[in-house]
Amino acid sequence: MLSLEEAVERSLAAAALLGREAVPVDGAAGRFAAVDAYAGVSLPDFDNSAMDGYAVRSSDLPNASAGSPVELSCVGVIPAGTHPVDMVDKGTCMRIFTGSPIPRGADAVIMQEDCSSTRGDDSTVRCNDSVKPWENIRLKGKDVCEGDPVITAGTRITAGTIGLLAATGHDSIEVGLRPKVGLVATGSELVEPPSDLKPGEIYESNRAMLASLVARANGLPTPYPIVPDSLEDTVTALKRAFAENDAVLTSGGVSVGDHDHVKPAIEQLGGSLDFWKVAVKPGKPFVLGQVGGKPLFGLPGNPVSALVTYLLMVRPALLKIQGAAEWRLAKRPGRLAGELANKGDRRHFVRVTIDDCGLVRSTGGQHSHLLGSLARANGLVDLTPGTRLAKDDPVDVLLIED
Ligand code: AMP
Ligand code: MG
């Protein structure tokens, strides 16, 4: 049996970088930067006011207070988006707004709440407080300097990085290509919902579930028609899926049952395939293959096994294909609401909920066909073989919808 780490290593090794494309910055959320990007301007790009108020010389107001205000003569207004040409001389000030450039001569901004004026006379401003040099001034380059890196290759682009990229002059960014992923479900018992079920048939659910996960990883999923358990149908379906995609995910048909046709089909298509038992529960059988250099990930048919093996072994590869530097699932620390035990000899990824207070509860039955307890879960706890954890023990929860 293969350890999970070995399986992930092999899966990552099968995932070659796809390529890159330039996308508009406002459409880059969630994508992975393919290049380092640098600031085209400093942030701020000029000294500017942090407040609505008056640009002053701090030395004019050393001891100003409500009891002994200092009067300054207001010599101008600096609306946002303008550039002040006049200077603030001794005894004068200028009306200024948040983000407006600081005029020459001024070294502080007194906020308007600390000032008063006589009704009808804007030209004299009474300052009821003192200011320190550079108070309420946002200095050029204090946040980011021109030429500083704003994102490094391999990083996931967030709303914050989008803001930073735009603020430093970028309208597009090179990102890793989104992999096209074909989804092939095998099994003669499978029927598309909502058609009527004949005895022995079940609704096919893995393609829809996997499509949602693939899309969360920036993939472009395409579901293909359900493939009955025949070698010929499996070959035809896989041939088409490989022709039209960068990677193919199959579900079902990879155990040692008589009706498992994925392996011979891949061989018939001139590809190769490894069949592993990975030491995780749920999801022991896992297949990694390739056809024409494109990876095939063969997931178990049981829905919970399909989801867990996807998250642990396929998602990392789909992210790496896009140039991601990090592909582990996000973890949230919590503590157990009740006992959890793993009496088996494989790592058990237990379906749990973790709430806002960090309380972690099992979602119930843990067999690999139980979709109800999967749907209730928002995380998985990685329980090592032979462990028994007690109520209140600390655990890390891997987040399913990362
Ligand atoms: P298999 O891996 O093909 O042996 O399937 C294992 C179990 O998962 C069987 O109970 C199948 O009926 C079920 N199963 C396989 N594929 C799917 C699917 N796409 N949707 C829902 N259940 C499935
Ligand atoms: Mg099957």
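Worth pointing out:
- Cα-centre dipole for the range 237-384 with unit charges at Cβ (Lys and Arg positive, Asp and Glu negative), debye to 20: 300 debye
- The 1.4 Å probe gives accessible areas that order His170, His83, His348, largest first, as His83, His170, His348.
- For the range 236-368: Kirkwood Rh in Å [reciprocal of mean 1/r, alpha carbons]: 16.5 Å
- Solvent exposure of the range 111-173, expressed per residue, is 60 Å² of accessible area, with all protein chains present and a 1.4 angstrom probe.
- Cα convex hull volume per residue for the range 311-356 (Å³): 110 Å³
- Set against the 2.2 N^0.38 Å expectation for a compact globular protein, the range 1-135 has a Cα radius of gyration ratio of 1.85.
- Debye-sum result for the chain in log10 I(q)/I(0), which assumes one identical scatterer on each alpha carbon, at q = 0.08, 0.09, 0.13 Å⁻¹: -0.61, -0.69, -1.03
- 3J(HN,Hα) along the range 172-187, derived from phi through the Karplus expression 6.51 cos²θ - 1.76 cosθ + 1.60 where θ = phi - 60°, amounts to 9, 8, 7, 10, x, 5, 7, x, 7, 10, x, 10, 10, 9, 10, x Hz, with x in place of Gly and Pro.
- Taking a ≥ b ≥ c as the square roots of the eigenvalues of the Cα gyration tensor, an a/c ratio of 1.5 or more together with a/b larger than b/c marks the range 35-85 as prolate.
- Alpha-carbon Debye profile of the range 65-130, log10 I(q)/I(0) at 0.28 Å⁻¹: -1.37
- Legend: distances between Cα atoms for Lys180/Lys281; Lys198/Lys294; Lys281/Lys391; pairs beyond 26 Å are Lys180/Lys281; Lys198/Lys294.
- Normalised convex hull volume, the range 1-63, alpha-carbon set, Å³ per residue: 242 Å³
- At R0 = 51 Å, FRET efficiency that the Cβ-Cβ distance of Thr118 and Glu326 yields, to 0.05: 0.25
- Glu9-Phe46 FRET efficiency (beta carbon distance; Förster radius 60 Å; 0.05 resolution): 0.75
- Translational diffusion coefficient of the range 331-399 (Stokes-Einstein, Kirkwood radius from Cα pairs, 10 °C, 1.306 mPa s): 135 µm²/s.
The values are calculated or read from the model by the stated rules, or taken from the named source; none is laboratory data. Here the structure is a predicted model, which is why all the values come from computation and not from measurement. Methodologically, a virtual Cβ is constructed for each residue, glycine included, from the backbone with ideal geometry; neighbour enumeration extends over all protein chains shown. With ligands, DNA and RNA removed, areas are computed over all heavy atoms of the protein, side chains included. Shrake-Rupley method; radii C 1.70, N 1.55, O 1.52, S 1.80 Å.
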